[in-house]
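All of the numbers you see were taken from the coordinates with simple rules; none came from a lab. Just so you know, these numbers come straight off a predicted model, no measurement behind them. Here the Cβ positions follow ideal geometry from the backbone for every residue, glycine too, while neighbour counts run over all protein chains shown.
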Amino acid sequence: MFNDIMRNADTEELDKAYKPVPVDPKEAVATILYSSGTTGMPKGVMGTHHNLTTVFEVISTQMKDLMMNNDPSDALLVVIPIFHAFGFILMYINLIRGKSIVLLDKFQPRVFLEAIVKYRVTRLLVPPPLVLFLVKHPLVKEYNLSSLKEVRSGAAPLGAKIQKELKEKLHIQHISQAYGMTEMTFAVLISPPGAEGKIGSSGKVVPGMMAKVIDSQGRSLGKLQEGELCFKGPLVVKGYVGDPEATRNTIDKDGWIHTGDIGYYDEDGYFFIVDRQKELIKYKGFQVPPAELEALLISHACVDDVAVTDEGHDDEDDPSDALLVVIPLFHAFGFMLMYMNLIRGKSVILLDKFQPRVFLEAIVKYRVTRLSVPPPLVLFLVKHPLVKEYDLSSLKEVRSGAAPLGAKIQKELKEKLHIQHMSQAFGMTETIFAVLISPPGAEGKIGSSGKVVPGMMAKVIDSQGRSLGKLQEGELCFKGPLVAKGNTIDKDGWLHTGDIAYYDEDGYLFIVDRKKELIKYKGFQVAPAELEALLISHAYVDEAASHKQNIIQVDGETGESLTADTLLKRSIRLAKWFQHQGVSVGDCAAVNSENRLEFYTVPLTGFFEGVIFTGFNPEYTPWELKHVMGLSKPKVVFCSSRTVDKMLSILHEYPYVKYLVLFGEERRSYHPKVVMFNDIMGNADREELDETYKAVALDPKEAIATILYSSGTTGMPKGVMGTHHNMTAFSEMISTQMKDMMMNDDPSDALLVVIPLFHGFGFMLMYMNLIRGKSVVLLDKLKPRVFLEAIVKYRVTRLSVPPPLILFLVKHPLVKEYDLSSIKEVRSGAAPLSAEIQKELKEKFRIEHISQAYGMTETTLAVLTSPPGAEGKIGSSGQIVPGMMVKVIDSQGRSLGKHQEGELCFKGPLVVKGYVGDPEATRNTIDKDGWIHTGDIGYYDEDGYFFIVDRQKELIKYKGFQVAPAELEALLISHPCVDDVAVTGVPDEASGELPLAFVVRKPGTKLTEREVEKFVEDHLSPAKRLRGGVIFVDEIPRNPSGKILRRVLKERAKNLKSKL
């Protein structure tokens, strides 16, 4: 009896004198496990000690999250038999990691599910049938499986559709599959550490192993070419016990194990298993993988399980692979489609012209499988309500050409109609047909026109004809046998297309714009010059060919506008006035004004002349004005009628101020230092642009461009010195990080700015908009109806706003009265935005892109943003922008790892020079190595996304616990009766500080103090309870950028307590 052998072993002391037997690890056999025996009787696979130690090395690097996790409750469930290699090695892995493993004898549905719930199992490593069970079985709905964080599948291929369904159904954080065999000890393909992997892929080759894909002749194949998978390295076993012939047939003389599995790898080195070589069905010379059919059939709603095999029939070839052509045959696209179809010898369905119902009925009637159409027809399939009435499930492939197709429409079509293959091509009549196409068997990349077809050559050139490298935009040129005769071909045979494009690291081409001005209409090329020649002959047309001047700013309240041309003329005129008045490099010019069209003329002139710009809050009291005047010492102050009297009241204290320049029409002639802005401008708007003007040369890293002010929530504002280098670095960053916004050719792509231009956020938004050259709608301050009417009137597409304005959009009843459907993008900054509000905004307005960014006046603007083209993660401030570095540190200055909260620090070209006149504050914020210490608490996840938790200085210290006001605020704002909220700490002798909430009730609600306290008690730990109480107020005090003025709240709380 085993128990007799073990008698008392459990209770005895550990025998530390015991020593294992030394062996030669590469020769000594450690295990004999058995292959599955699907091709005959099982064979005994000899694994060595060296094989096992290699497994340890592989999993220590490839499954680091699994192996190095310090959570003692991180439990793994094993239901795979331990005699099987998969189960055996799983148990071996778990011994190394030293965590709990929940063992089941066999699979019994209820026992399996109950074990996950009872032991709060976090990880499953299971074969596909158990994944299938979790996705399909009705029993699963009865159990709470929320503890599951990771599912890895192995032992057999897992369908991509099942993988997706599991992720969506159980909200699993990490799902992936691996590939291995008993003959390779364990997995040789795994998703890299920290990566989700690719749906349907078995991962990449593990460290130390080699892989190749070979054809039937043993020749190595390239990417995306299917063949037999072979592996070599320290995980390959010794061979089959007692069967040298089987060993030689499986492991060749060079040490390569031939798996018998068919697969391929992609451009990123991810491997995809297609099927077993021995199980492929041979049909008329074609190889049909059973696994592909099985993956399709298992997706049927009524199919619970499926297997496909060969019955030996030789059916007729499928004649139903039909193509529909609705493009005119006189057009090159339609003509060549018909020619192509003659070659392939399949049915083509011809339509004379596009009629919606006829088009859809033809797809249904003839079970059309392929469409090659221009973008307007793709748009029709995505957008038109008629489409819902028809079953278009026969469609397997859609290719688009004749004009660029938007990436968004491409994605929508794929999701709406479940198209297997969606791609676009690029060609011209001058290239006979398509010269860019997605490679055979590849999906292509969303937004790309594909790769160059065989036999053709392509290059991207600049205006001087020089070839450009990857990701550099220029004119697209082609050479080769598809180029037709014509006059757009240079002496070396290159066709110059006039299309602007770039190619990426994988050789995919992306069309950006037309160099020439041909208008692409439904695949036709329309020449503007032809229309202009006709229109100019009309008696009332003066200049049809001239471009409309770019409107760069619009006053959202009055409708007054300013063109880019006028802004430039005004800035040059002001530059000359500066020169005449002796205002030069290193001097300072201030603007003390609300948002208005004249505002940005001053900083733009400053950039040209090397004059430092500074902006004052128009709400500053004379005392606060004196503080910022003392920091910046401006020679000229620009004012509005709202602020000029305040400036005049203190002007006598600052003899270095030469002039007060007054915006607007109202004259103040009684003071000798007051000059009217309009008088300086004279006739500048109507005069020709002075193209002889040259900006002053500066050292960009040393020359100060701006003095903007920190928020002052922890004391008087500090003047932050930004250099010209900071500004140019910001330009470079947004050109890559916000490419969708910066490179958009839509002239109606309007941005609304309601944030004060004297504030870093508003100032840099305006600067960014000058670079992109689109309209910005300016509002002086938030007036609910004016704000909403401006969005509607100007069809505003983008909002960059602080959280209070997002809160307004989500919560305010007025919003329902307006059609805000023009808004496509909302970015939030200046203060943290709660995940709850972010979700509500997305759902309420169906915004395409919502994200938040993070930055400070001291980092020029954003240093964390969502990557280009990415939605970002709810609640996250994004990833670090190009060129910047970031770290999270503890109180000792030590760098922390992912998911560990600490202070955020940044380094790079966006970090400012320091604080004007305050070297001590500069040293306390920017250390000797150039790292800026933000005072903000945050962490980053495995994908490099950062999450801001709170302000270090604003943390409430309660009995040694650190309570984050932002956490309490994020919870309280989700209460249905709360309209706005702020939390601060109040001093307490016994506990240090107590959390106190200031709450704005929603109109018509009767929320009580106790209900608020109970809401927190029900959701958060005891340290975070509102022991300081609840105070109901009409409004939360905030600074112009939306940050809560906690010092005001603390003072208010102090006064209230003293009165009690």
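One chain, two ends: THR621 and ASP490. Fully extended at 0.36 nm per residue, the span grows by 40.3 nm beyond their Cα-Cα distance.
For SER394 and ALA246, a Förster radius of 35 Å and the Cβ-Cβ distance give a FRET efficiency of 0.15, rounded to the nearest 0.05. Cross-link pairs exceeding 26 Å between alpha carbons, from the set LYS824/LYS873; LYS365/LYS388; LYS223/LYS416; LYS169/LYS839; LYS169/LYS414: LYS223/LYS416.
Remark: the LYS408-PHE330 segment gains 25.1 nm on full extension, using 0.36 nm per residue and subtracting the alpha carbon distance. Classify region 788-844: rounded, prolate or oblate, from the alpha-carbon gyration tensor (a ≥ b ≥ c, eigenvalue square roots; a/c under 1.5 rounded; otherwise prolate if a/b is larger than b/c)? Prolate shape, in that a/c is at least 1.5 and a/b is the bigger ratio. For the listed residue pairs LYS164/LYS408; LYS411/LYS491; LYS842/LYS1006, the alpha carbons are over 31 angstrom apart in LYS411/LYS491. Going from the fewest other Cβ atoms within 10 Å to the most, the residues MET340, MET733, MET856, MET209 appear in the order MET340, MET209, MET733, MET856. Placing a pseudo-label 7 Å from each Cα along the Cα-to-Cβ vector at ILE199 and MET338 gives an inter-label distance of 3.9 nm. Highest mean first, the peptides 595-603, 700-708 sorted by other C-beta atoms within 10 Å per residue fall in the order 595-603, 700-708. Using the Cβ-Cβ distance between HIS899 and SER641 with R0 set to 51 Å, the FRET efficiency works out to roughly 0.45. One decimal place: the segment LEU468-ALA835 gains 127.9 nm when fully extended, by the rule 0.36 nm per residue minus the C-alpha distance. Taking only the C-alpha atoms of region 323-524, the Rg (one decimal) and the largest Cα-Cα distance, Dmax (whole number), read 17.2, 55 Å.
The packing ranking, built from the mean of other Cβ atoms within 10 Å per residue, places the peptides 16-24, 653-661, 89-97 in the order 89-97, 653-661, 16-24, highest first.
With R₀ set to 60 Å, the beta-carbon distance separating VAL111 from LYS223 gives a calculated FRET efficiency near 0.85.
Remark: for residue pairs LYS451/LYS844; LYS626/LYS781; LYS658/LYS783, the C-alpha separation exceeds 32 Å in LYS451/LYS844; LYS658/LYS783.
In this rough spin-label picture, where each label sits 7 Å from Cα along the Cβ direction, the GLU1009-HIS652 distance is 5.0 nm. Within straight-line reach of LYS694, meaning a Cα separation under 22 Å, sit the following lysines at least 8 residues removed in sequence or on another chain: LYS569, LYS576. Each residue, ASP506 and VAL786, gets one label point 7 Å from its Cα in the Cβ direction; the gap between the two is 5.0 nm.
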